[in-house]
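**Q** Submitted below is the structure of interest, expressed as structure tokens.
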Amino acid sequence: MAVTQVVRSEWTKIRSVASTVWTLSLAVVVTIALGMLISALSKAEFDSLGERERLSFDPTFISFAGMSLGQLAMIVFGVLVVSNEYSTGMIRASLAAVPQRGTFLFSKLAVATALALVVAMATSFAAFFLGQVMLGEHKASIGDPGVLRAVIGGGLYMTLIALFSMGVAAMLRSPMLSLGILMPFFFLISNILGNVDATKKVGQFLPDQAGSKIMQVVTPVDDETPYGPWGGLGIMALWVIAALIGGYVLLKRRDAQ
Amino acid sequence: MIELEGLTKRYGEKVAVDDLTFTVRPGIVTGFLGPNGAGKSTTMRMILGLDHPTAGDVRIDGTHYDRLREPLTRIGALLEAKAMHPGRSAHNHLLCLAQSNGIPTRRVHEVLDAVGLTAVARKKAKGFSLGMGQRLGIAAALLGDPRILMFDEPVNGLDPEGIHWIRTLMKSLAAQGRTVFVSSHLMSEMALTADHLVVIGQGRLLADTSMAEFIERNSRSYVRVRSPQREELLATLHRAGVTAVESGDGALEVDGSKAERIGELAAGSRIVLHELSPQQASLEEAFMRLTAESVEYHAHSGTPRPPQAWGEGWKKG
């Protein structure tokens, strides 16, 4: 079984369903539009900020504010790519065609991740440049120290979110169950854990909290995060690897239904 | 050739497939018969490596399914009608399967044509009727031009024309020397298509026989007789060396004799008859008798259990 054949097959699958287009389009539009809106609001508020806030003012990070919502569309993309197989019964045809389950899963993930990476990178750069336009005189430049890293990091962050969702969906199989866990987790629970003092130490090791560190250029004044931008992304990558191993092991062991 | 050896599947306590051993040979249509829930689909999923057997082994031409290179070119299967993404077009559904096995795109057009779906090839599968979905599933099975074909309840949802088409298709595939394995819960359907018969009930093998042999053994013909002078009739028949058994509703059943002879015997003894009718037990009845025995055997096997405490039944789920 040639891997290239399976990759081609997965590409045909992913491009021939509508959910690919609408989830990725939504991720692009929401991330950029919300980033621009919040950038514009931040510009208007800048003059009323105290000195402390001004020191922590991070125009790059602000232009990525839309990701908090845009990542949810990325999660839906990742979940549907995998769980569609189960909810439609397609998995039986797929595994009958490619009984080597590792080849099947990782070809699927490779294709979906490559597509997510292209879209996420374009989104990240667009969100940055358009956000800076809205910020006017408070803008950052792509040449400033750490900015290019943050913008590329933004693309990697969104890609890893999608890949993490694929791993979780491979474990849970049901799209509703996967979304029902991932959406509230990333939209609410992680934020709450990360912002309440008692749970902050734990919360900052959650995949999105750790991973989003890469998009920061200006470190907040009293920041005590024990890892840097790449360290944070590394922690996120460990979560992703764990989810993928879980998904692979369960796919390998379970009956296909 | 498909070879099953002691194939067993348990879900917790429940045994879905119980120690099945049989071989599906090339060149003929082998019918896989059993009532709903007998384990036919589970067996077929294990043949395809989709479900892992609890015990035993199944091989395709001597090889485990997951060791087959490009399996669609070796064995094609129709499982459920809707093993497809409803938002994907028929063409793309077949294309992605073809690509994964290195099958040329030309074959996609060929099989769409063969099952009569060319006109709707670009339409999404969600708009398909049950019959069209079934045809698409059959197209997927034929895609790799495999030597072995397996169909799970293929006539489900097909109109009479479609049923005729699939019967002809299966016979012609077998005539080309291919192995054809088809499941059904209808004996009448099997009688029309299958050359060989594998019958299971509650996951157990009940029969593995040629169709002709099954018909010969199971198509019992007898004469049903009713008379107000039952005892006299019995005595008369007995004197003539004809054995009659009681059928339960007061009538008598006589095996292996013609109605004419019984009528003449009765007339000779001046016995009044209220009914004298030749009967033919259908294959469907023979099949039901066979599987009913398996159910009964199952229920009576094992040691009797003490009465359950209240609520024990549902605690186990």
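**Q** Being assigned by TED's automatic domain parsing to the domain that holds B:Leu7, modelled with pLDDT of 90 or more, touching a strand residue (DSSP E or B) at 6+ places or on another chain (Cβ under 7 Å) and surrounded by 12 or more Cβ atoms within 10 Å (Cβ to Cβ) is the requirement here; does B:Gly203 meet it?
**A** Judged against the criteria, B:Gly203 is a match.
**Q** Does A:Leu55 satisfy being away from every other protein chain (no Cβ under 14 Å) and touching a residue at least 24 places away in the same chain (Cβ under 8 Å)? Please lay out each step first, then the result.
**A** Numbers: away from every other protein chain (no Cβ under 14 Å): yes; touching a residue at least 24 places away in the same chain (Cβ under 8 Å): yes.
Here the answer is yes, as A:Leu55 does meet what is asked.
**Q** Look at B:Leu68 and say whether it is within 16 Å of the chain's Cα centre (by Cα) and at pLDDT below 95. Spell out how you get there, then give the answer.
**A** Working: within 16 Å of the chain's Cα centre (by Cα): no; at pLDDT below 95: yes.
The answer is no for B:Leu68.
**Q** Within segment A:96-109, track down each residue that is surrounded by fewer than 24 Cβ atoms within 10 Å (Cβ to Cβ) and within 7 Å of chain B (Cβ to nearest Cβ).
**A** A:Pro99, A:Gln100, listed by residue number.
**Q** OK, next. Which of the residues that make up segment B:112-155 are away from chain A (no Cβ under 14 Å) and within 21 Å of B:Ile47 (Cα to Cα)?
**A** Those that are away from chain A (no Cβ under 14 Å) and within 21 Å of B:Ile47 (Cα to Cα): B:Asp145, B:Arg147, B:Glu153, B:Pro154, B:Val155.
**Q** Report those strands (runs of 3 or more DSSP E) wholly inside segment B:1-111 carrying at least 1 residues which are in the same structural domain as B:Leu130 (by TED's automatic domain parsing) and free of Cβ contacts under 8 Å to residues at least 60 places away in the same chain.
**A** In segment B:1-111, the matching strands (runs of 3 or more DSSP E) lie at B:2-11, B:14-24, B:55-60.
**Q** Just checking, does segment A:25-44 include any residue being over 29 Å from B:Leu95 (Cα atoms), among the charged types (D, E, K, R) and in a helix (DSSP H, G or I)?
**A** Looking through segment A:25-44, at least one residue is over 29 Å from B:Leu95 (Cα atoms), among the charged types (D, E, K, R) and in a helix (DSSP H, G or I).
**Q** Would you check which residues across segment A:40-73 are hydroxyl-bearing (Ser, Thr, Tyr) and farther than 14 Å from A:Ser124 by Cα and list them?
**A** Within segment A:40-73, the first condition is being hydroxyl-bearing (Ser, Thr, Tyr), and the residues that meet it are A:42, A:48, A:56, A:60, A:63, A:68.
Within segment A:40-73, A:Ser42, A:Ser48, A:Ser56 qualify.
**Q** I want to confirm something. Restricting to segment B:147-158 and keeping residues that are modelled with pLDDT under 90 and out of contact with any Gly (no Cβ under 6 Å at 6 or more places or on another chain), which single residue is surrounded by the most Cβ atoms within 10 Å (Cβ to Cβ)? Don't jump to the end; show me each part of the working.
**A** Residues of segment B:147-158 that are modelled with pLDDT under 90, as a first pass: B:155-158.
Subset that is out of contact with any Gly (no Cβ under 6 Å at 6 or more places or on another chain): B:155-156.
Working: B:Val155: 22, B:Asn156: 16.
Selected residue: B:Val155.
**Q** Report, by residue number, each residue of segment A:63-93 that is touching a residue at least 12 places away in the same chain (Cβ under 8 Å) and of a type in the set (S, T, N, Q).
**A** The answer is A:Ser63, A:Ser68, A:Gln71, A:Ser83, A:Asn84, A:Ser87.
**Q** In addition: Applying the selection to segment A:160-174, what residues are touching a Pro at 6+ places or on another chain (Cβ under 9 Å) and β-branched (Val, Ile, Thr)?
**A** A:Ile161
**Q** Which members of segment B:62-87 meet the condition of being aliphatic (A, V, I, L, M) and at the interface with another protein chain (Cβ under 8 Å from one of its Cβ atoms)? Can you show your working first?
**A** Residues of segment B:62-87 aliphatic (A, V, I, L, M): B:68, B:72, B:75, B:77-79, B:81, B:83-84.
Answer for segment B:62-87, where residues must be aliphatic (A, V, I, L, M) and at the interface with another protein chain (Cβ under 8 Å from one of its Cβ atoms): B:Leu68, B:Leu72, B:Ala77, B:Leu79, B:Ala83, B:Met84.
**Q** Within segment A:210-241, count every residue that is in contact (Cβ under 8 Å) with a residue 40 or more places away in the chain and either under 19 Å from the mean Cα position of the chain (by Cα) or in a helix (DSSP H, G or I) (or both).
**A** Going through segment A:210-241 one residue at a time, the tally reaches 12.
**Q** So, in segment B:71-86, of the ones that are over 19 Å from the mean Cα position of the chain (by Cα) and modelled with pLDDT of 95 or more, which residue ends up nearest to B:Met170 (Cα to Cα)?
**A** This residue is B:Ile75.
The values are calculated or read from the model by the stated rules, or taken from the named source; none is laboratory data. The structure displayed is predicted, hence computed values, not measured ones. Please note: Cβ atoms are built from the backbone with ideal geometry, for glycine as well, and neighbour counts cover all protein chains shown.
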